[in-house]
Amino acid sequence: MSFRNLKLGAKQLLGFGVILVLMASANIFSSNRMKAVKTEIDEVAQSRLPRALVIAELKRSTLDLRINQLQYALAADAFSKQAQADLMGDLLDRINKNIEAYDSLKTEALNRQAYSAAEARAYSAFGEKWLNYQDSTFALLRLLRANKMSEALALLNGEARQVFEDFSADLGALVEITQKDSQAGAERAEGVYLSTRGVNTTLLAVTIIVSVLFAAGLTRFIVVPVRLLASAADTVARGNLTVQLGVNSEDEIGQLARSFNQMTASLREARARMEQQAAELQANNTELQRTMHRLQQTQTQLVQSEKMASLGQLTAGIAHEINNPINFMASNVGPLKRDLVDLFAVLSQYENVVRDHKLQTVFAEVETLKRQLDYGFLVEEIDKLLEGIEEGARRTTEIVRGLRNFSRLDEEGQKLANVNQGLDATLLMLKHQLKNRIEVIRDYQSFPDLLCYPGKLNQAFLNILSNASQAIKGEGKIFIKTSYDGEIVTVSIKDTGVGMSAEVKQRIFEPFFTTKDVGEGTGLGLSITYGIIEDHDGNIEVYSAPGQGTEFVITLPARR
Amino acid sequence: MKNFKRILLALVLWAASVSAQVAVIANKDVPMDSLNKAQLRDFYSYEMKQWDKRVPIAVVDLKLPGEAKEAFYKFLGITASRMKSLWLKKMLMGEGSEPLAVKSEEEMVQKVAVTSGALGFVSLSKITPEVKTLLIIAQNEKEP
């Protein structure tokens, strides 16, 4: 199992462990070494220096004893002699206490094997000489008790002095030895301290290096992958789901990366599914909109057909009512003309009789009346009036015929009807709009009657033609062309009007869409047209551009 | 190696302590046949000056250092120096006298044998019938 495959915790533990071991070893090492230093220092502080102090004290006390003995020997009176004797006892006690203190320190030092042979030699030399000195004191006391003063003084200044100087020298040597040993101990301690410091510094440097390496490792194994993950997550958040992370470790980061990859894969899948659903939804929506559009058209058409049905009935009624009187007029004008011709023939015969029988004077008053009434003109005028009446009657008849054609709206069910005739009837309806302003150029191909709703079809034509006439400002032309290929009837209505923009063209079949001013158009015309063509299972297309006129092409399947 | 040295040292000391068995001896005229440690100390340091009303104590000290002397003082729990000081202090107070000093154990036995009220010590092996043995110091607990 390589380091790479360790869990993050294990990696950290390993790193910290190494650092800890380094620090612990540094600590253990230095604490051991410091123990050695402490031992040295303790030896100096708690044994050598106290021994040196005791020796110094001994030296002082023995000197005091020596002086005391001299004074004791020279004491003039009993009182001062007693005082010196008391002092000598105290001094002896003090000296023994110091010796015992030294002995106990020496025993401890021996136990620690920290007692040098040189010191032992010097001390035992002192011990012997000190015992000798006490022996000399016995002698002194003996001499003094025997009142042998001069001999006593000789002893003090001779043998006793010699012994005193000897053991004083020994004590001096002892002080020197303890001092030297203390010095050596301090130096050893310093040496240990310095070497420990060196080793510690090295260990510290190693620890720092290892820590830095460990930190770098942490960065390499945690921070860098986490940064990668973060940037990958960012990429995913921006919508790019193709991100895949290379997984090359078994630790938590590796697991995270794998989970991340799984997540992006799931996201990709989910998004694909979602897009598919969205597409289906879009399709459904489009279908729904189309259905709704048809529904609206149907509704509009329903309203319109209802309206047109009423209009058709009205128109049919009017046509019927006008038809009778106009029939009277049309049929009576001919006989009236004939009757007037007969009447004028009779009058002319009257004039001939007057002229032939020279009865002008008799009919002078008639002549005068004729002149007064401008008889000649009167006759001519009657002719013209009759012609006018005749023309009026003819035109009225024509209008009525157009109305009746148009009012086929109310016809129920489909009928066979002639499309070309339907177009003509519609044109008739628009005659007053077109008048002399617009020239209608018809190019009809004759074909059999079509099974259709003639009234509705006429209404469709009417709407297109009406728009065409309105699109032509001033003078212009409307081209109407029909054709038949055996299956499909094509009707093209083209004008030279203002045309329309692409935006307008897209919306012209929408109900209530209008480019006219409010109140001028209902916005229903072309949508009704569209509905009607659809009712015939036909198709209507529009070709237009601003300033280039508009062409509607209606195709109707021929059914019989 | 260190342990070996220690064991060796212990053996040597043990052997020494065995060989340094010390007997407290007295002149035959002393009225006591045995002594305990406290009595020995009192008598030897002149704290007690007489065996009884008739016989004063005469302390005999071995002048030179040796195994017997060392063992004896160790048993008393007092240093030779301290003992000497005690005697000196007694003398300064005018209460005691300087102990008799001998230079060898043989001389010690002789001195005790001939001195009335004498109290001394000697290695067990040096005892003669001329002296009375009051106490045998068998020093088994050795102190390095």
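Values quoted throughout were computed directly from the atomic coordinates according to the rules given, and no laboratory measurement underlies them. Computed from a prediction, not measured in an experiment: that's the story for all the values here. Backbone-built Cβ (ideal geometry, glycine too); neighbour counts: all protein chains shown.
Compute for the protein assembly as shown: radius of gyration divided by Kirkwood radius, i.e. Rg/Rh, restricted to C-alpha atoms, rounded to two decimals.
Using Cα coordinates only, the ratio equals 1.85.
Can you pull out the trypsin sites (Lys or Arg not before Pro) in the range A:412-510 that DSSP calls coil and that have at most 12 other Cβ atoms within 10 Å?
Here the trypsin sites (Lys or Arg not before Pro) that fit, given the DSSP loop and packing criteria, are A:435, A:437, A:473.
Taking the Cβ of residue A:288 as the centre, find all other residues whose Cβ is under 15 Å away and add up their charges (Lys, Arg: +1; Asp, Glu: -1).
The answer is 0.
With r defined as the distance between the Cβ atoms of residue B:28 and residue A:104 and R0 fixed at 30 Å, what FRET efficiency is calculated, to the nearest 0.05?
The value I calculate is 0.15.
Kindly flag which residue pairs out of A:129/B:28; A:481/A:516; B:37/B:126; A:431/A:516 have an alpha-carbon separation exceeding 23 Å in this structure.
A:129/B:28; A:481/A:516
Where does the longest stretch of chain A lie that holds no GluC sites (Glu not before Pro) found in a DSSP loop with 11 or fewer other Cβ atoms within 10 Å?
Result for the longest clean stretch: A:1-411.
What lysines could a cross-link reach from residue A:415, if we take a straight Cα to Cα line under 20 Å and drop same-chain neighbours fewer than 8 places away?
Cα-Cα hits under 20 Å: A:456.
Which one, A:542, A:500, A:553, is farthest towards the positive end of the dipole of the range A:411-560 when Lys and Arg carry +1 and Asp and Glu -1 on their Cβ?
Among A:542, A:500, A:553, the one farthest towards the positive end of the dipole of the range A:411-560 is A:500.
Working only with C-alpha atoms, what are the Rg and Dmax values of the range A:411-560, expressed in angstrom?
14.8, 44
Treating only the Cα positions of the range A:311-368 as identical point scatterers, give the base-10 log of I(q)/I(0) from the Debye formula at each q in 0.18, 0.29, 0.30 Å⁻¹.
-0.73, -1.04, -1.07
Under a point spin-label approximation (7 Å from Cα along Cα-to-Cβ), what is the residue A:506-residue A:345 distance to one decimal in nm?
7.7
So which aspartates and glutamates can residue B:84 reach, going by Cα to Cα under 12 Å and dropping same-chain residues fewer than 8 places off?
A:93, A:135, B:61, B:98
Calculate I(q)/I(0) for the range A:30-93 by the Debye formula, one identical point scatterer on each C-alpha and no solvent, and give its log10 at q = 0.15, 0.18 Å⁻¹ to two decimals.
Values, matching the q order: -0.59, -0.70.
When the dipole is taken about the Cα centre of the protein assembly as shown, and only Lys, Arg (+1) and Asp, Glu (-1) are charged at their Cβ, what size is it in debye, to the nearest 20?
The calculated dipole for the protein assembly as shown is roughly 4060 debye.
Using only helices, what value at 222 nm comes out for chain A when you add -39,500 (n - 2.57) per DSSP H run of length 4 or more and divide by the total residues, to the nearest 500 deg cm²/dmol?
Counting only the DSSP helices, I get -26000 deg cm²/dmol.
With N residues in the range A:3-214, what two-decimal value do you get for its Cα radius of gyration over 2.2 N^0.38 Å?
Normalised Cα radius of gyration, the range A:3-214: 1.74.
Work from the charge dipole of the protein assembly as shown (Cβ charges, +1 for Lys and Arg, -1 for Asp and Glu, about the Cα centre) and give the residue of A:246, B:76, A:489 farthest towards its positive end.
My answer, from the dipole projection, is B:76.
Any idea which of A:222, A:110, A:292 is furthest toward the positive side of the dipole for chain A, if Lys and Arg beta-carbons carry +1 and Asp and Glu beta-carbons -1?
A:110
Work out which helices of chain A, taken as complete DSSP H runs, extend at least 30 Å along their axis over the Cα atoms and score a mean Kyte-Doolittle of -1.0 or more, then list them.
Span-like helices here: A:8-42, A:49-74, A:78-111, A:117-145, A:159-218, A:252-356, A:375-406.
What's the magnitude of the charge dipole for the range A:411-560 around its Cα centre, counting Lys and Arg as +1 and Asp and Glu as -1 at the beta-carbon? Answer in Debye, nearest 20.
Result for the range A:411-560 is approximately 400 debye, rounded to the nearest 20.
Identify all aspartates and glutamates with a Cα-Cα distance to residue B:74 below 12 Å; exclude those on the same chain that are fewer than 8 residues away in sequence.
B:141, B:143
Rounded, prolate or oblate: which fits the range B:2-137, taking a ≥ b ≥ c as square roots of the Cα gyration tensor eigenvalues, rounded meaning a/c under 1.5, else prolate when a/b beats b/c?
Cα axes put the range B:2-137 in the prolate bin.
Need one number: nm distance between label points at residue A:284 and residue A:218, each 7 Å from Cα along Cα→Cβ, rounded to one decimal.
5.5
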